[in-house]
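A quick write-up on the structure given underneath.
The values are calculated or read from the model by the stated rules, or taken from the named source; none is laboratory data. Given the structure is predicted, the values throughout are model-derived calculations rather than measurements. Ideal geometry is used to build each Cβ from the backbone, glycine not excepted, and the neighbour counts take in all protein chains shown.
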Amino acid sequence: MVAIPDPKAAVLQRLRALQAKGLSLQMIANQLNAEGVPTLSSTGRWQKGTIGNLLAQAGNRPHARRAKSAGAVHGKLDLREGCCDTT
């Protein structure tokens, strides 16, 4: 029996690879759109929110927390890698 490739798994693999290179969600969306990579629904264009949601569902998005520094803008998110380590 021939295995049918899972399009979502292939996209996630690509998203993880681009994220590992340090690309932001917007940069990943721009690159996929520039390359003509179809979205999972095969309609529209890649958006940073969609990419963030896919990575979050797969457990690959850095944990976001509210910034608490005195100079932080109200509601700004801190998305640094390891931002919530308590060790």
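I'd like to check something: does the stretch 28-35 contain any residue that is surrounded by 12 or more Cβ atoms within 10 Å (Cβ to Cβ) and modelled with pLDDT under 95?
Let us first name the residues in the stretch 28-35 that are surrounded by 12 or more Cβ atoms within 10 Å (Cβ to Cβ), namely 28-33.
Subset that is modelled with pLDDT under 95: none.
No, every residue in the stretch 28-35 fails to be surrounded by 12 or more Cβ atoms within 10 Å (Cβ to Cβ) and modelled with pLDDT under 95.
If I ask for residues that are among the aliphatic types (A, V, I, L, M) and farther than 17 Å from A58 by Cα, which ones from the stretch 8-28 would you list? Walk me through how you get there before you give the answer.
Step one: filter the stretch 8-28 for residues among the aliphatic types (A, V, I, L, M), giving 9-12, 15, 17-18, 20, 23, 25, 27-28.
Residues satisfying the conditions are L23, M27.
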